[in-house]
Amino acid sequence: MEEKKVGLTPEQPDENELALDDERRVKVLSPGALVAKRFFRNRLAMVGLVILVCMFLFSFLGGAIIPYRENQIFEDYEEVVSDFAGATLNTDYRFYETESGIIPTTARTSLILAVNNGELTYTAGDQNYSLTDLGNDTWIISGTAPVADVNKLAGRYVISSDTIEVTDALTAAFTDAVEAGQTSFELDGVSYSISGSNRTFTISSMMELGVASKLVIEGDGLTYEFQKAALTAMGAKEKSFTVDGAAYTLEYDGGSAFVSKGSDVVALLSEYAVQGVENGTVISAELRSAIVEAIEEGQNSFVFSDESGNEVEYELKRENSRYTIRTATQSKLIQTYLAPSWEHWLGTDGAGMDILTRLMYGGRISLIIGFVVVILETIIGVVLGGLAGYFGKWVDMVIMRIVDIFYCIPTWPILIIFGSIMDSYQIGPKVRIYFMMIILAVLGWPFITRIVRGQILSLREQEFMVAAEATGISISRRVFKHLVPNVIPQLIVQCTMALGSIILTESTMSFLGIGVKFPYASWGNIISSVSNVFVMTNYWYCWIPAGFLILITVLGFNFVGDGLRDAFDPKMKR
């Protein structure tokens, strides 16, 4: 017998019918959720996203936790035997002049001839000179030197001098000599000579000019009086002398003498001239005496205690009449081109800086420049593209002609010119980065402008814009509240793709030397530091990691951009 189904009344719902809040009901996703779902299902987009996340962590987090600084130079100390000083047997006269005395070159040359001929007076130029023997081939040189100038004014002689005191007696003696036609006169036991004629004359006097000796006096802050007294005492084989109330003693050692004040050696008199190899090398009188003593005793090396009491060994190497003094010193060496190690995972570059640290900080610069430039380009492009697309007519014509002009500008020549200008004005490295971002943004905004204009031209005639206009919404609100948001999906895709291009542009500029400058690092200028084939082939770790980071970062942005494009418009994939 067939069962009859009992019908349901309208008040009795079917048990299989689902309520609106039932979890078994098929969920309807929002447009944003659909885009996100399509994006996260794209494997290449996920690979690109993982790459970008890793790059941001590497650049920003890695730079914060790594113990090294961006421009930290690693140095090491090593004992290196190098030339410290040189000693030469002196065979020429050395001249020690008084504070006011000047011995001309002609007088110095003529002195040698006079000494060889056994003469105690000689003439050089227009001056007469006399010699006083101090022994040990040492001579006091006296000569006529100008001491005053005379001018005849209104029948009177006016004498001016910085050397002697001008008195009435001097003026009277000079006047009498000139009027009598004489060329010399005496005053207070001093002989003066007169030269010149008419209204201009010169008064000269015989005075001590200096000392000439083949002995070398070496010491710090020695006055002429000290030098003369020391040479005089050594010539007379005296053991002491006094200068300016201070007593000094001489200790003879062969042909040399050590001058001491109390227990301190203040000067050395010898036949050898000792001079440091590098300018500014300070050689104490004690060390000079030890060098000369070792030379005279024929030693090949000697040990000397420095001011700290540390014993330092010196080596002597003879070449004819010259001796080279060598010693082991602690030299500061920059650790350049170190191979990868536990301390420096990617080694060091040519400046002795940690490459891994430079890559981290360089990633910050490259990524920041990319995002700032894209943001500036987008702001300019959205504003101008929105105005051109909505208003049309002459506004569109003016803006698009400006866009055409910027498209005609050769980008790389302009970048090179701006880089040269910044170099010539010596723009600081930090300010240079700001200028570079502005220049790249100014040159890149027309592309965004065209995209925004094209999208708004197709959107402004649709029904929702007619309704917005009918409700009386302001123009700015219509453009930036209703039109521009509809362009944002396309802008996101284009900006993501542009980020990779900007990083490549910045890297190329830095590689060419017109971008980021030292001490700041970028991936481009890290590669540019490899300036020759030898470094490129032997120190691969200096440039390959930077090139690899540029490659995968640009690939990451391109993968994400392709994924966003497919997610926003899945028909494009077909």
| query | Which is open to solvent by 20 Å² or more (accessible area, probe 1.4 Å) and farther than 26 Å from Ser110 by Cα, of Gly235, Gly196, Gly221? | reply | Gly221
| task | Sort out which residues of region 498-518 are open to solvent by 60 Å² or more (accessible area, probe 1.4 Å) and either in a loop (DSSP other than H, G, I, E, B) or not polar (S, T, N, Q) (or both), and write them in order of number. | result | Leu504, Phe511, Leu512, Lys517, Phe518
| query | Given the conditions (1) buried (at least 18 other Cβ atoms within 10 Å of the Cβ); (2) out of contact with any strand residue (DSSP E or B) (no Cβ under 9 Å at 6 or more places or on another chain); (3) not hydroxyl-bearing (Ser, Thr, Tyr), which single one is not true for Val178? | reply | (2)
| Cβ-Cβ below 9 Å, separation at least six or inter-chain, first residue in region 32-46 and β-branched (Val, Ile, Thr), second open to solvent by less than 90 Å² (accessible area, probe 1.4 Å): which pairs? | Val35/Pro489; Val35/Leu564; Val35/Ala567; Val35/Phe568
| said: Being among the hydroxyl-bearing types (Ser, Thr, Tyr) and touching a strand residue (DSSP E or B) at 6+ places or on another chain (Cβ under 7 Å) is the filter here; which residues of region 194-208 pass it? | reply: Ser195, Thr200, Thr202, Ser204, Ser205
| Filtering region 153-166 down to residues that are open to solvent by less than 60 Å² (accessible area, probe 1.4 Å) and more than 60 Å from the chain's Cα centre (by Cα), which residue is nearest to Thr132 (Cα to Cα)? | Tyr157
| request: Go through (1) crowded, with 16+ Cβ neighbours inside 10 Å; (2) over 30 Å from Val216 (Cα atoms) one by one and return the number of the condition Val115 breaks. | output: (2)
| field | Selected residue (only one of Arg401, Arg364, Arg358 is free of Cβ contacts under 8 Å to residues at least 60 places away in the same chain and assigned to a helix (DSSP H, G or I)) | value | Arg401
| query | When only residues in region 62-75 that are in a helix (DSSP H, G or I) and either in contact with a Cys (Cβ under 6 Å, 6 or more places away or on another chain) or open to solvent by less than 90 Å² (accessible area, probe 1.4 Å) (or both) count, which is modelled with the lowest pLDDT? | reply | Gly63
| query | Quick one: how many residues across region 519-569 are free of Cβ contacts under 8 Å to residues at least 40 places away in the same chain and buried (at least 23 other Cβ atoms within 10 Å of the Cβ)? | reply | 0
| note | (1) touching a helix residue (DSSP H, G or I) at 6+ places or on another chain (Cβ under 9 Å); (2) free of Cβ contacts under 8 Å to residues at least 40 places away in the same chain; (3) open to solvent by less than 60 Å² (accessible area, probe 1.4 Å) all hold for Ile379 apart from (3)
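Using the structure shown, decide if Ile405 is of a type in the set (Val, Ile, Thr) and under 19 Å from Gln494 (Cα atoms). Spell out the reasoning first.
Numbers: of a type in the set (Val, Ile, Thr): yes; under 19 Å from Gln494 (Cα atoms): no.
The answer is no for Ile405.
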| Which one of these does Thr281 not meet: (1) within 22 Å of Leu222 (Cα to Cα); (2) open to solvent by 60 Å² or more (accessible area, probe 1.4 Å); (3) out of contact with any strand residue (DSSP E or B) (no Cβ under 6 Å at 6 or more places or on another chain)? | (2)
| said: Whether any residue in region 27-47 is closer than 19 Å to Tyr361 by Cβ, basic (Lys, Arg) and modelled with pLDDT of 55 or more is what I want to check. | reply: no
| message | For the structure I just gave you, tell me whether Ser321 is within 22 Å of Arg94 (Cα to Cα), crowded, with 17+ Cβ neighbours inside 10 Å, more than 40 Å from the chain's Cα centre (by Cα) and modelled with pLDDT under 80. | response | no
| Out of Arg432, Arg453, which single residue is in contact (Cβ under 8 Å) with a residue 60 or more places away in the chain and either among the aromatic types (Phe, Trp, Tyr) or open to solvent by 20 Å² or more (accessible area, probe 1.4 Å) (or both)? | Arg453
| message | Of everything in region 437-461, what is within 9 Å of Val373 (Cα to Cα) and not hydrophobic (A, V, I, L, M, F, W, C)? Give them in sequence order. | response | Gly444
| remark: Counting only residues in region 414-428 that are without any contact (Cβ under 8 Å) to a residue 24 or more places away in the chain and of a type outside the set (A, V, I, L, M, F, W, C), the one nearest to Ala441 (Cα to Cα) is identified as Gly428
| task | Can you give me the ranges of the strands (runs of 3 or more DSSP E) entirely in region 250-335 with at least 3 residues that are among the β-branched types (Val, Ile, Thr)? | result | 322-334
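Yes/no per residue for (1) outside any helix (DSSP H, G or I); (2) in contact with a Lys or Arg (Cβ under 6 Å, 6 or more places away or on another chain); (3) at pLDDT below 90; (4) surrounded by 14 or more Cβ atoms within 10 Å (Cβ to Cβ):
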| site | (1), (2), (3), (4) |
| --- | --- |
| Leu387 | no, no, yes, yes |
| Met397 | no, no, no, no |
| Trp412 | no, no, yes, no |
| Ser420 | no, no, yes, no |
| Asp423 | no, no, yes, no |
| Gln426 | yes, no, yes, no |
| Met437 | no, no, no, yes |
| Ala441 | no, no, no, yes |
| Gly444 | no, no, yes, yes |
| Condition broken by Leu134, with the remaining ones in (1) open to solvent by less than 20 Å² (accessible area, probe 1.4 Å); (2) among the hydrophobic types (A, V, I, L, M, F, W, C); (3) within 59 Å of the chain's Cα centre (by Cα) satisfied | (1)
| query | Condition test on Ala546, is it hydrophobic (A, V, I, L, M, F, W, C), assigned to a loop (DSSP other than H, G, I, E, B) and either closer than 20 Å to Phe56 by Cα or within 20 Å of the chain's Cα centre (by Cα) (or both)? | reply | no
| request: Could you tell me whether any residue of region 230-241 is of a type in the set (Phe, Trp, Tyr) and within 48 Å of the chain's Cα centre (by Cα)? | output: no
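The values are calculated or read from the model by the stated rules, or taken from the named source; none is laboratory data. Since this is a predicted model, take the numbers as computed values, not measurements. Neighbour counts run over all protein chains shown; Cβ positions are idealised from the backbone, glycine included. The protein model used for the area step is the full one, side chains on, heavy atoms only, and it has no ligands, DNA or RNA in it. Shrake-Rupley method; radii C 1.70, N 1.55, O 1.52, S 1.80 Å.
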